[in-house]
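Scroll down for the structure; my scribbles are underneath it.
A short reminder: the numbers here are calculations on the coordinates, not readings from a lab. Predicted, not measured: the structure shown is a model, and the values here were computed from it. Neighbour counts are summed over all protein chains in view; Cβ atoms, including those assigned to glycine, are modelled from backbone coordinates with ideal geometry.
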Amino acid sequence: MAADNPLLRPPTLPFGLPDYGSIDTDHYLPAFAEGFSRHRGEVERIATNTDAPSFENTMVALEKSGELLGRVASAFYTIASADATAAVQEIEEALAPQMSAHHDAIELDVRLFDRVRTLHDQLGDLDLSGEQRYLVERRFREMSRAGAGLGETDKTRLTAVNERLAILTTTFEKNLLSDTNALAVVFDSAAELDGLNAGQLSAASQAASDRGLDGRYVVTLPLFTGHPYLAALTNRESRRRILDASRLRGRRPGAHDNRPVLLEIVRLRAERAALLGFDSHAAYVTADETAGSPAAVHDLLRRLAAPAARNAQVEREKLRAIAAADGVEVEAHDWAFYTEKVRQAEYDLDTAALRPWFEAERVLKDGVFFAAEKLYGITISERHDLAAYHPEARVFEVTNPAGSALGLFILDLYTRDTKRGGAWMNSIVVQSVLRGTSPVVVNNLNVNRPAAGQPTLLSLDEVTTLFHEFGHALHGLFATVTYPSFGGTAVFRDFVEFPSQVNEMWIFWPEVLANYARHHETGEPLPSTVVAKLAATEAFNQGFATSEYLAASWIDQAWHSLSAAESSREIDVADFERAALADIGLDEPTVPPRYSSTYFAHVFSGGYSAGYYSYIWSEVLDADTVEWFRENGGLTRENGDRFRDRLLGVGGSKDPLEAYRDFRGRTAEIAPLLKRRGLED
């Protein structure tokens with residue numbers, strides 16, 4: 001079998017990069033089957049070992065097990081997110097219950113749990129390193145939370161619930177991708193898209209041609225509710241069509257209706273939480289995060305919601321004053337357009353006009369890479385000899401300051417119909433001393449590709465996303481641990497966004513900005529007057545931005561705070577959302593949530609269920625860290641080494657707040673976040 005299936009042979013490419021050029025879709029299911037079989041055998045040998053449990057024969061053995069399955073899964077799920085053809089989607093649907101059942105068979109194995117529990121009970125007497133002790137503690141807690149201590153009847157039901165949830169979350173993502181493609185907005189003429197620049201029109205024309213609609217224009221939809229084009233389109237009806245299409249995703253009766261899917265997900269998550277002894281799914285999730293409880297999350301969100309709504313009200317009145325001159329009563333699809341008019345009136349700044357200074361290749365190499373190279377001393381070089389999983393994905397090798405190899409970085413910049421929405425980082429290979437592996441990490445974005453020969457000019461939001469996702473990549477590259485369970489970004493969900501948000505600080509750092517923000521035709525730097533205006537507008541429109549984010553976070557909390565009994569009642573999705581937003585005071589029609597339930601992939605098909613609050617929770621740490629960098633000289637190797645060694649480099653091998661205190665010298669303070677978002681009293 002191995003001779004015919006490249007997934008079953010040891011990797012031969014640098015850093016363990018899968019040889020995607022030799023992998024066919026038909027290879028995946030047989031490789032998974034072999035991976036499941038080998039892993040079950042490895043675990044069975046651990047569980048039936050007659051020797052007394054030791055760190056070596058239990059914890060180390062578990063960390064070594066499943067290597068093949070992990071390698072196959074990483075290769076496949078990278079494809080399933082970034083290039084989900086019909087054949088790949090079919091495989092993913094078939095795998096969903098199998099992966100769930102396999103995971104449960106291990107996590108719920110009472111024999112394994114007894115061995116781990118024995119070591120946990122003996123921790124005070126064992127001679128272990130800090131990382132080893134933490135591994136025992138985390139493994140015991142994870143198996144306990146998974147239900148290893150339940151009776152057999154409850155375990156049987158739990159396994160069935162988990163398998164069904166695996167199917168439903170896969171269905172949710174498939175429905176969303178299909179409906180997002182189906183609802184892409186078709187325009188007959190360029191006049192309907194007045195206000196877009198040549199590059200944006202080129203991208204819309206190319207998207208139409210890709211669908212066989214030559215001579216027309218197609219505007220594809222991002223994952224979030226709004227659309228970058230809404231700020232520029234002068235045709236109000238075009239703005240309305242785009243926003244209406246975005247908000248309609250997943251809520252039309254028919255094959256792609258995500259309402260019954262998400263309702264069943266909510267019910268099953270609540271039932272699972274009850275089986276495991278928790279009042280709600282939110283209680284289950286936050287008990288193993290830095291937040292600790294839903295009450296702590298709700299307290300923060302409510303604390304921020306009132307001033308955010310207040311600021312949004314002030315912003316709305318300014319929009320109305322300008323829109324009135326056009327005879328327009330501001331609606332949701334008008335907010336971005338008139339916000340830019342207010343920005344121009346108050347600051348003489350047009351952010352849409354900045355695109356010529358943000359050419360993608362220059363932003364990447366002279367901005368994102370430049371900042372990392374200056375801060376950490378690393379070198380990033382493109383490897384044209386290595387192919388990733390798609391022709392558009394580019395491979396870069398990252399080298400340490402002393403010249404030793406660190407890992408590979410893959411960038412997949414452009415949108416396509418087979419790629420899920422949004423932007424994300426994932427690991428194909430996780431660093432581990434035990435396994436002798438080095439990291440291979442991926443960044444995916446969804447930038448519209450212009451027609452051939454045209455430059456890719458980014459919006460300021462897209463520049464921010466590029467820096468943000470590379471912050472995740474650096475976390476995955478720098479984590480240096482012994483055990484694979486702690487590798488890469490394997491930290492608490494409400495901490496994982498912290499390093500990526502910190503990396504956004506370099507966007508406007510003078511030395512970095514001057515290096516990459518140059519006009520793509522003339523090479524002229526972004527004028528200093530514009531830079532000053534950008535700095536002055538840091539808190540501009542933050543009432544809207546914070547409100548739309550908090551609204552989505554609260555919707556997530558509302559769904560996942562339901563008890564098993566509450567979730568079993570008949571629920572209308574739209575009514576539930578309205579009630580939830582009214583509860584927190586964010587029920588403003590002109591400021592819709594950043595995500596609505598039926599296209600909220602983060603929580604219904606991703607890993608952020610009851611955890612979308614993580615971004616603002618992590619931003620408390622982020623804003624405090626930015627203050628530290630400013631106080632200590634900014635973009636210096638000394639600062640970079642401290643941040644890498646004490647925080648990024650530890651991966652998941654210690655409590656993240658302990659790592660933060662080690663870096664910062666104290667617990668984070670919230671004041672810098674309130675100042676940044678204009679939420680001070």
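Data table
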read-out	value
Stretchable slack from Asp210 to Ala321, in nm (0.36 nm times residue separation minus alpha-carbon distance)	35.8 nm
Full-stretch length increase - Ala565, Ser178 - with 0.36 nm per residue and alpha-carbon distance subtracted	136.1 nm
Test item: Cα-centred dipole of the stretch 33-138, Lys/Arg +1 and Asp/Glu -1 on Cβ, debye	120
From phi via Karplus (6.51, -1.76, 1.60), per-residue ³J(HN,Hα) for the stretch 530-538 in Hz, x at Gly/Pro	5, 4, 5, 5, 4, 5, 5, 9, 4
Dipole of the chain [Lys/Arg +1, Asp/Glu -1 at C-beta], most positive-end residue of Ala545, Asn181, Gly250	Ala545
At R0 = 45 Å, FRET efficiency that the Cβ-Cβ distance of Asp348 and Asp188 yields, to 0.05	0.80
Distance-filtered residues of the stretch 161-196 - backbone nitrogen under 19 Å, label point 7 angstrom along Asp417 Cα→Cβ	173-188
Lysines whose Cα lies under 16 Å from that of Lys419, excluding same-chain neighbours fewer than 8 positions away	Lys174
Pair Asp575, Asp26: separation of 7 Å Cα→Cβ label points (nm)	5.3
Sum of -39500 (n - 2.57) over DSSP H runs of 4+, divided by residues of the chain (222 nm, nearest 500)	-16500 deg cm²/dmol
Cα-based shape type of the stretch 183-248, given that a ≥ b ≥ c are square roots of the gyration tensor eigenvalues and the cut on a/c is 1.5	oblate
Summed residue charge, Cβ within 13 Å of Leu648's Cβ, Lys/Arg positive, Asp/Glu negative	+1
Built amide H within the under 5 Å cut-off of Thr437, gap 5+	Ser432
Equivalent ellipsoid semi-axes, the stretch 356-536, via Cα gyration tensor eigenvalues times 5, rooted, Å	28, 19, 16
Dipole magnitude (debye, nearest 20) for the stretch 356-536, charges at Cβ of Lys, Arg, Asp, Glu	320
Approximate spin-label separation Ser528-Ala452, in nm, with each point projected 7 Å along Cα-to-Cβ	4.4
Neighbour cut-off at most 11 other Cβ (10 Å), DSSP loop, trypsin sites (Lys or Arg not before Pro), the stretch 530-629	Arg569
Dipole magnitude of the chain, debye to nearest 20 (Cβ charges: Lys/Arg +1, Asp/Glu -1, about Cα centre)	120
Glu152/Ala295 FRET efficiency (R0 41 Å; Cβ-Cβ; nearest 0.05)	0.75
For the stretch 483-500, 3J(HN,Hα) per residue [Karplus equation, 6.51 cos²θ - 1.76 cosθ + 1.60, θ = phi - 60°, Hz, x = Gly/Pro]	9, x, 4, 9, x, x, 9, 7, 10, 4, 4, 7, 10, 5, 7, 4, x, 5
Of the trypsin sites (Lys or Arg not before Pro) in the stretch 211-287, those whose Cβ has at most 15 other Cβ within 10 Å and which sit in DSSP loop	Arg211
Stokes-Einstein D in µm²/s, Kirkwood radius over Cα pairs - the chain at 25 °C with 0.890 mPa s viscosity	93
Debye intensity ratio I(q)/I(0), log10, the stretch 199-299, q values 0.14, 0.15, 0.23, 0.25 Å⁻¹ (C-alpha model)	-0.78, -0.81, -1.16, -1.24
Peptides ranked, highest mean first, by Cβ atoms within 10 Å: ranges 418-426, 467-475	467-475, 418-426
Cα-based reach from Lys374 at 19 Å (exclusive), listing lysines while leaving out same-chain residues under 8 positions away	Lys365
